[in-house]
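Okay, so here's the structure we're looking at.
None of the figures in this text is laboratory data; all of them are computed from the coordinates on show. Source: prediction; values computed, not measured. Here the Cβ positions follow ideal geometry from the backbone for every residue, glycine too, while neighbour counts run over all protein chains shown.
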Amino acid sequence: MRYSRTLIPTIKEVPADAEIISHQLMLRAGLMRKVASGTYAYLPAGWRVLLKIMAIVREEMDAAGALDCTMPMIQPYELWQKTGRDIDYGETLGRFKDRHGRMNVLSPTAEEVMTFVAAGEINSYKQLPINLYQINLKYRDEFRPRFGVLRSREFIMKDAYSFDADDAMLDRSYRAMYDAYCRVFARCGLEYVIVEAETGEMGGSGSHQFTIPCENGEDVIVHFEDNSRAWNIEKAPVDPLPRPAPVQAAAPQDVHTPNVGSIDSVCAFLNAKPVQLIKTLIYSAGDKVVAALVRGDHEVNPEKLVQAAAMGHIELANEATIERVTSAKVGFAGPIGLAGKLDLMLIDPAVAAMTIAISGANKTDHHTINVVPGRDFALEGNNVRVVDIRLATEGDTYQGRKLLFKRGIEVGQVFKLGRKYSEKLGVKFLDINGAEQIALMGCYGIGINRIMASAIELYNDADGIRWPISIAPWEVILTTVGTDQPIVDAAEKLYAELNQLGVEVLYDDRDLRPGVKFKDADLLGIPLRATIGKKALDQGKIEFKPRGEKQSTMIDVATAARQIAESVAAMKARLNTK
RNA sequence: CGGGGUGUAGCUCAGCUUGGAUUAGAGCGCCUGGUUUGGGUCCAGGAGGCCGAAGGUUCGAAUCCUUUCACCCCGACCA
């Protein structure tokens, strides 16, 4: 590709509305432009990067036996109603009515269609296992798109769906994807961490996330110091605190705390610390009401809560429900005498481990002091249980080992879905005995754009991007200094030779000062640069230099193309075998 | 959806508090001519704006008021 004939609109200044480095560099290097909040146009150089990432993903998926296909982006709403995800997804699900008044969904993911299609075609155990995948645009009407391409409304995802006859087969399908993902991210040149994850709205029984640790990540990774295990914050387990020996304490007593509802204001008013408080949160699950008790300085982990409650979709109760259950305004719920008015009360072990606590009094503008868990409210009972329902905090332990936190970007996730979708959409087959069975499923996603952005987050310097060669828009940039005929002739010849050898080369043939061309080359982040200038060329040499290194080596014009091609191959091989 | 902020040239921004001599500006980018050629040359000339939109106040509005839209940040939410 000749630089003068392509469109790579680099800019010197940092765009005002780009906060994180990958977003800034993608704009500055002319890879993309914003069209609206959360939607981007990819320009030629940026699109080349995405194409290369997709090619790697395809190769590894194909090698793992998955089958490339494509599903419609516009899907009938009824499919989503069948699985209940029209509700679960909420406002994030993009939908529109067509001219006939039919409701449609803009695909945010494709479990429903893929399962629907599979249901029509799968009817024998002989067809299993099978794994279908696509690389396609996805749409999610995010509350708040941000961080450039990391949380956009429209993005490219590879999503694969396996259909399996039994648990062992699902395990194998899952493992094949897991291994393929390791290869994909290694080949993309990314350092990644695999974390144990929750399945969230996807449903299912097991999940791992592939995460790129970096400062600007949105996900919190909880891990052992030696990285031998890591969890998504949603999943991270914590050791329960030991139950204290019984203490002598005065009887519980209500105190007047006018208009003091939040933890902070209660602490200020009663001169207490959050650790001394019991936070009582009221949730709804359909028509059931659940209370969740955590210590004042802890947060409820919604995923753990859903698991523990086992009532399906669960959300914070509305004001009316809270007032009905607690007989008080919002902000004054407490555990004493509450269990009888609920379907379920879940108590975090850290609350059970408190000696003397402060809680809401179930009376507007009142709190109760001298609350002793186990004495003033039961820890066990028909509808009362002590169970881990909180988010881990830094300093917590698990299996006696310290838990550390770091941030990361989620670039891929694998799930065992079980029968959640196949049952509702009818993926049935006859087993070897002629008995009807419902297929087990797994689903496996990779965020293509996120790979691009996280590679930049990981590899950049003051001059710009430093692409891993496997996903760089071009492998080599050929730069001429000056426009003397011998220079141009040598460059044209080398350009032709490199193309012949299959090297992806961007030939900067522009009549610009060398400084400008070098700056553009560095900003764009092409891993190797060949420079043809008068002084060296007079001695039959050209300069060759990896991005980011000061020193260039002189190579003979005659053998330059071959040497460059060898360097490219060596760099790629290093990523492939990692 | 709550809180905060910003909309002025393609980009980054000044001007707005205190309305009028600013004929709406600067730097970068763009076009023309010259100059220069190993890390974003220099000189000269030029094109480019309903000051986000709509109402209002005023003799007079980029500037004050009201409404609205868009975008960004924090939060809530989220595979």
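Some points to look at:
- Restricting the trypsin sites (Lys or Arg not before Pro) of segment A:533-568 to loop positions (DSSP other than H, G, I, E, B) with no more than 11 neighbouring Cβ atoms within 10 Å leaves A:Lys550.
- For segment A:253-386, the Rg and Dmax computed from alpha carbons only, in angstrom: 13.5, 39
- Alpha carbon convex hull of segment A:511-571, projected area averaged over orientations, nm²: 4.5
- The Cα-based radius of gyration of segment A:52-122, divided by its Kirkwood radius, gives an Rg/Rh of 1.06.
- Those aspartates and glutamates that a straight Cα-Cα span of less than 14 Å connects to A:Lys34, excepting residues fewer than 8 apart in one chain: A:Asp17, A:Glu19, A:Glu154
- Placing a label point 7 Å from the Cα of A:Asp461 along the Cα-to-Cβ direction, the residues of segment A:540-565 whose backbone N falls under 17 Å from that point are A:544-553.
- Between A:Met554 and A:Leu316, residue separation times 0.36 nm minus the direct Cα-Cα distance comes to 79.0 nm.
- The label point for A:Trp47 and the one for A:Asn227, both projected 7 Å from the Cα toward the Cβ, are 3.7 nm apart.
- Inter-part distance where segment A:432-482 and segment A:337-391 are each reduced to a Cα centre, Å: 48
- Estimated at 0.36 nm per residue, the fully extended path between A:Glu299 and A:Glu19 surpasses their Cα-Cα distance by 98.0 nm.
- Principal semi-axes in Å for chain A [√(5λ), Cα gyration tensor, largest first]: 54, 30, 21
- Total lysine pairs whose alpha carbons fall under 23 Å of each other in segment A:474-576 (8 or more apart, or interchain): 22
- Estimated from helical segments only, the mean residue ellipticity of chain A at 222 nm is -8500 deg cm²/dmol, where each DSSP H run of four or more residues counts as -39500 (n - 2.57).
- Loop chymotrypsin sites (Phe, Trp or Tyr not before Pro), segment A:117-188, which have at most 11 other Cβ atoms in a 10 Å radius of their Cβ (DSSP): A:Phe143
- Each DSSP beta bridge with both residues in chain A is either parallel or antiparallel, and the antiparallel ones are about 80%.
- For chain A, the relative contact order works out to 17 percent when only alpha carbon pairs closer than 8 Å and six or more residues apart are counted.
- Of the GluC sites (Glu not before Pro) found in segment A:5-97, those that fall in a DSSP loop while having at most 15 other beta-carbon atoms within 10 Å are A:Glu13, A:Glu19.
- DSSP assigns beta bridges within segment A:253-386; of those with both partners inside it, close to 65 percent run antiparallel.
- Close Lys pairs in segment A:253-386 (alpha-carbon distance under 19 Å; sequence gap of 8 or more, or different chains): 9.
- When you work out D = kT/(6 pi eta Rh) for segment A:474-576 at 20 °C and 1.002 mPa s, using the Kirkwood radius from C-alpha pairs as Rh and the Stokes-Einstein form, the result is 158 µm²/s.
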